[in-house]
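Asker: Next up is a structure, given as structure tokens.
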Amino acid sequence: MNISPPIQLVEAPTQALLTWAKAIATGTPDPFQRGQQLSQKLGATYGSDGLTQIGFWIPEVGDRPVYLEIFTPMEAIDFRLADQVIPFRREVLELPRQGEFAWAVVAGLKAGTRTQAGSFYWLRSGEQIIRDVFAHSLPYGVFAPAELYDMAQLERDRADRDYFHQETWVTPPRNILQIHVGTASPTGTLAGLSRIYRDLARKLANSQPLTAAEKNYVGFDAIELLPIEPTVEFRPAENEMIHAFWQIRAITNQEVQVHLKKPDTQNWGYDDLILGAAATSPALLSTLRPTEVVDFIATLHTAFARPIQIIFDLVYGHIHHQALGLINARFFRGANMYGHDTNQQNPMVRAVLLELQRRKINLGADGIRVDGGQDFQVSDAISGQLDYDNDFLLKMAAVPQTVGTATRELYTIYEDGRPWPNVGWEDMATHLDLIYLKPDCFQWSPLIFEHNTPTLQGFWQREWRDVCKIMAHGDRWVTGCANHDTVRKGNHINTAAIRINEYLGDSLPEILQNAYDNPATQLWIHGFSPGIPMDFLNALMHTPWGFFRNTDDQYAVKIMADEIGFLYWQITPEIYRQSWAFRRFKTMGFYDLSLMRQFFKAVEQAIEAIGYDLPKLAIFLQTELEPQFDFLKPITIANLKEIAIAFMEDGHEACRVSHYCGSVPDERASFNLRLRQYRQAQPWLRNHLDPARGDRLHHWSDHQRTIFYGRRTNPDTQQRLVLVAHMAGAPKTVEIGKWLALDLDRWQLAIATPTLKINTIYDLAQIHLHNGEGFLLSEIPP
């Protein structure tokens, strides 16, 4: 392969860059505006002239010299290999300083592309390594050096460039599908998703029938990905300096032998590091190339008759503690339950976060979801009290996107549960604070937060107040029962302490599946409710879902015990018996699900008895475990951690939807798709109810069941719509003609849930509805 010439500082453009930076530092009095200008040139940018512009913010270094350390591969890297050793040429170059910044223009660096690796780089100051927060490519994880990548070529080559010229303000979607990339395809990567959507586009274009599983991927205006940024990595407590995926083996003069391992981290994505927030997690890239995410987005934008939008989930409000060794201390405000609060009150940090967002959305997003809006807080200079940083949240919504010569304003969805985590926040939160400030934005509705558990008996009766809020002013809310948080929360229900709705199914997994993909609930949300409905792929597929990450050494055993409910609510003996299921646990000796459940119960009870103290826990289990677990002994801290990580990885595999494609119920998938298509054809449904037109929603409830019924009017055609939905509990005979004073001769059936058999409209005069059944009626035009 071609090796670039030795690196060298290019004096004239470097001096021009230093002069520019000094002029801003001395001529821009406002520190935030100063930060905004400087942050635009931070990172490593490869130019069309073959030179690389370098900029680092290094307030932690002081007056010490800093050196750019470059690793250029001397052999081709095969990014699809799981394991390889590659020789690199190592070079070091001192960088000029300007205050808290280092700037340079450098010749000789090699830029990465779709087909070749670029030079890898970071800064050194003594023994300290300073990583590039603005890295575009981190193919070997956050602890390895970043890769210089030709982002200009990536943009020139993207297949959807014309798409971005179609509108300057992105039209919000009528519905959304939430997807976790790691479990949504056989490979768990963006390339795997691209293959699925290319195949779907081809079949739809050729009018070929879709399988039941395929139907669950389509009929959506937008896809919201759980966070795809580089995330935390597994770091053993006894050696936190180990680099899992980039290991330097030998150094000879200027040559370095590096053992490269393809990253295999598994995570929801919310363990944010800020480092590399403009990049994509290498674990989600089959090719380890940034082009993979752009290819996926371009597929959504161009392959279908109606483009599918993409929404990025941005997590800037909290930072995982692992970032303490990766980014400078200015980013941290203080500890919280997730790690640390982000110090966005610092003007430079504020500017850096917004610049990271700009670079991220320039990959081709159509909208953003802001995670945990209530986490962004500022301290009042006089009182010292914390208040919500609405200014920063609104600035996030104002960041423009630029792709080629096109500039667009994206739509913004805020998850904001203020005053969470205060006691009683569920009742006090309005979910409207940001909508009042920015009327064209969206917020998550009260129904979509994790505490909503529709498996419980009486859930809809208790939540009637929130239902009324949605109907009254939910036109700017994203709503729905199933998402990554709510389904996981369903695993935690203790059936010994709380009564569940047994009419949902005959087993716990069936009850959970029918709670989060309930035909009556779907009918109400997609066919009648205001706002933007959102579904979750795993819930639609009726596949397991839980909280799994193979990146935690300290708390892995505790998380394992906390997630015991997954084995009851999500995993059946039939699933456990599959050859692909729980391979690690079977290898250890857990030959069936009941044995696994017994062990988890023992660990859970031990932690309850003695607390989360691993040395004591190991001793306790060594003496207290029953004889059938002798295959685990001796019980040590090390093998407890090994068991916990095995659970995380086996559990993650159990959530991969491709294992269940053949068992997706076609009637349910077809019904849900028909509902989504109905929603797309009725855009007026996004508006909230208008009592002046006779719009209303009622509920009939007793201690055994809840029925929703109501009427809406299309403001454009004056055609009316009627909903009847048996939301939960025992069967009930409904007389909708009497309940809403309808002349059934003037109505026709629009959609009915799969199990309802309706031959004529008069069958609805008196109909016996079971849990999850319902129908929509539309008025016959005069």
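What follows is calculated from the coordinates using simple rules that are stated; it is not laboratory data. On a predicted model such as this, the values are computed, not experimentally measured, just so you know. Positions of Cβ are generated from backbone atoms using ideal geometry, with glycine treated the same way; all protein chains shown enter the neighbour counts.
Asker: Hey, got the dipole for the stretch 8-157? About the Cα centre, +1 on K and R Cβ, -1 on D and E Cβ, debye to the nearest 20?
Answerer: The calculated dipole for the stretch 8-157 is roughly 160 debye.
Asker: Would you order 661, 481 from fewest to most other beta-carbon atoms within 10 Å of each residue's own beta-carbon?
Answerer: Fewest-to-most Cβ neighbours within 10 Å comes out as 661, 481.
Asker: Which values of log₁₀ I(q)/I(0), to two decimal places, follow from the Debye formula for the chain at q = 0.06, 0.09, 0.10 Å⁻¹ with a uniform point scatterer at every Cα?
Answerer: -0.40, -0.90, -1.10
Asker: List 193, 697 from most exposed to least, where exposure is judged by having the fewest other Cβ atoms within 10 Å.
Answerer: Final ranking by Cβ density, sparse to dense: 697, 193.
Asker: Kindly identify the stretch 526-584 as rounded, prolate or oblate by the Cα gyration tensor criterion: order the square roots of the eigenvalues as a ≥ b ≥ c, call it rounded if a/c is under 1.5, otherwise compare a/b with b/c, prolate if a/b is larger, else oblate.
Answerer: Because a/c hits 1.5 or more and a/b fails to exceed b/c, the stretch 526-584 counts as oblate.
Asker: Now a separate question. Work from the charge dipole of the stretch 71-206 (Cβ charges, +1 for Lys and Arg, -1 for Asp and Glu, about the Cα centre) and give the residue of 96, 179, 113 farthest towards its positive end.
Answerer: Of the listed residues, the answer is 179.
Asker: Let me ask you something else. What aspartates and glutamates does residue 757 reach when the alpha-carbon gap must be under 15 Å and sequence neighbours fewer than 8 apart in one chain are set aside?
Answerer: Within reach: 667, 773.
Asker: Work out the P(r) tail for the stretch 75-151: percent of alpha carbon pairs separated by more than 13 Å, whole number.
Answerer: Cα-Cα pairs in the stretch 75-151 separated by more than 13 Å: 73 percent.
Asker: Something else about it: Could you tell me which of 25, 70, 39 has its Cα farthest along the dipole of the stretch 8-157 towards the positive end, charges placed at Cβ (Lys, Arg +1; Asp, Glu -1), taken about the Cα centre?
Answerer: The residue sitting farthest along the positive end of the dipole is 25.
Asker: In deg cm²/dmol, rounded to 500, what helix-only [θ] at 222 nm does the chain give when every DSSP H run of at least 4 residues adds -39500 (n - 2.57) and the total is split over its residues?
Answerer: -8500 deg cm²/dmol
Asker: Is the shape of the stretch 433-562 rounded, prolate or oblate, going by the alpha carbon gyration tensor and its root eigenvalues a ≥ b ≥ c, with a/c under 1.5 for rounded and a/b larger than b/c for prolate?
Answerer: Note, shape of the stretch 433-562 comes out oblate.
Asker: Which whole-Hz couplings ³J(HN,Hα) result when phi for each residue of the stretch 513-524 is put into the Karplus expression 6.51 cos²θ - 1.76 cosθ + 1.60, θ = phi - 60°, listed in order with x for Gly and Pro?
Answerer: Residue by residue, the stretch 513-524 yields 4, 7, 7, 8, 9, 9, x, 5, 5, 4, 4, 5 Hz.
Asker: Which loop-located chymotrypsin sites (Phe, Trp or Tyr not before Pro) does the stretch 520-569 contain, where loop means any DSSP state but H, G, I, E or B and the Cβ has at most 15 other Cβ atoms within 10 Å?
Answerer: 555
Asker: On to the next question. On a full-extension model of 0.36 nm per residue, what is the gain between residue 107 and residue 405, subtracting their alpha-carbon distance, rounded to one decimal in nm?
Answerer: Using 0.36 nm per residue and subtracting the Cα-Cα distance, I get 104.5 nm.
Asker: Treating only the Cβ atoms of Lys and Arg (+1) and Asp and Glu (-1) as charged, compute the dipole magnitude of the stretch 680-762 about its Cα centre; round to the nearest 20 debye.
Answerer: The dipole of the stretch 680-762 has a size of about 100 debye.
Asker: Next up: Counting only residues 5 or more places away or on other chains, whose amide H sits under 5 Å from the amide H of residue 224 once H atoms are built in the peptide plane?
Answerer: Under 5 Å from the amide H of residue 224: 177, 178, 179, 311.
Asker: Quick check: net charge around residue 450, other residues with Cβ under 11 Å of its Cβ, Lys/Arg +1 and Asp/Glu -1?
Answerer: Result for the neighbourhood of residue 450: -1.
Asker: Something else: Looking at the square roots a ≥ b ≥ c of the eigenvalues of the Cα gyration tensor of the stretch 691-779, which shape do they give, rounded for a/c under 1.5, prolate if a/b is larger than b/c, or oblate?
Answerer: Since a/c reaches 1.5 but b/c is at least a/b, the shape of the stretch 691-779 is classed as oblate.
Asker: Once Rh is set to the Kirkwood radius over Cα pairs, what Stokes-Einstein translational diffusion coefficient, in µm²/s, holds for the stretch 8-157 at a temperature of 25 °C and a viscosity of 0.890 mPa s?
Answerer: Diffusion coefficient, whole number: 152 µm²/s.
Asker: Continuing with the same structure: Among 413, 564, 327, rank each residue by its count of other Cβ atoms within 10 Å, from fewest to most, as a rough exposure measure.
Answerer: In increasing order of surrounding Cβ atoms, one gets 564, 327, 413.
Asker: May I ask what percent, to the nearest 5, of DSSP beta bridges between residues of the chain are antiparallel?
Answerer: Just about 75 percent of them are antiparallel.
Asker: Net charge within 14 Å of residue 51 by Cβ-Cβ distance, Lys/Arg positive one each and Asp/Glu negative one each, not counting residue 51 itself?
Answerer: Its environment carries a net charge of -1.
Asker: Please work out the C-alpha center-to-center distance from the stretch 434-460 to the stretch 476-555 and express it in whole Å.
Answerer: 14
Asker: Something else about it: Given 682, 406, 512, which one lies farthest toward the positive end of the charge dipole of the chain, if we put +1 on the Cβ of every Lys and Arg and -1 on the Cβ of every Asp and Glu?
Answerer: 682
Asker: Quick check: the distance between the Cα centres of the stretch 723-761 and the stretch 362-414, to the nearest angstrom?
Answerer: So the two Cα centres are separated by 44 Å.
Asker: I want the local charge near residue 753. Using Cβ-Cβ distances under 15 Å, sum +1 for each Lys or Arg and -1 for each Asp or Glu among the other residues.
Answerer: Cβ neighbours under 15 Å give a net charge of 0.
Asker: I would also like to ask the following. Given N residues in the stretch 557-648, what is its alpha carbon radius of gyration divided by 2.2 N^0.38 Å?
Answerer: 1.02
Asker: Taking H as built 1.01 Å from N, whose amide H comes closer than 5 Å to the amide H of residue 258, not counting residues under 5 places away?
Answerer: For residue 258, whose amide H was placed from the backbone, the distant partners under 5 Å are 86, 88, 249.
Asker: Cα centroid distance between the stretch 275-310 and the stretch 136-198, in Å?
Answerer: 1
Asker: So, one more: Can you tell me the dipole magnitude for the chain around its Cα centre, using point charges on the Cβ only (Lys, Arg +1; Asp, Glu -1), in Debye to the nearest 20?
Answerer: Rounded to the nearest 20 debye, it is 1220 debye.
Asker: Something else now. Of 110/262; 261/633; 489/601; 586/616, which ones are farther than 28 Å apart at the Cα?
Answerer: Too far apart for the 28 Å limit: 261/633.
Asker: Less than 22 Å apart at the alpha-carbon level, and either on another chain or at least 8 residues along: which lysines does that give for residue 360?
Answerer: Result set, ordered by chain and number: 41, 395.
Asker: Output the direction-averaged projected area (hull surface divided by four) of the convex hull of the alpha-carbon atoms of the stretch 283-383, in nm².
Answerer: For the Cα atoms of the stretch 283-383, the hull's average projected area reads 8.5 nm².
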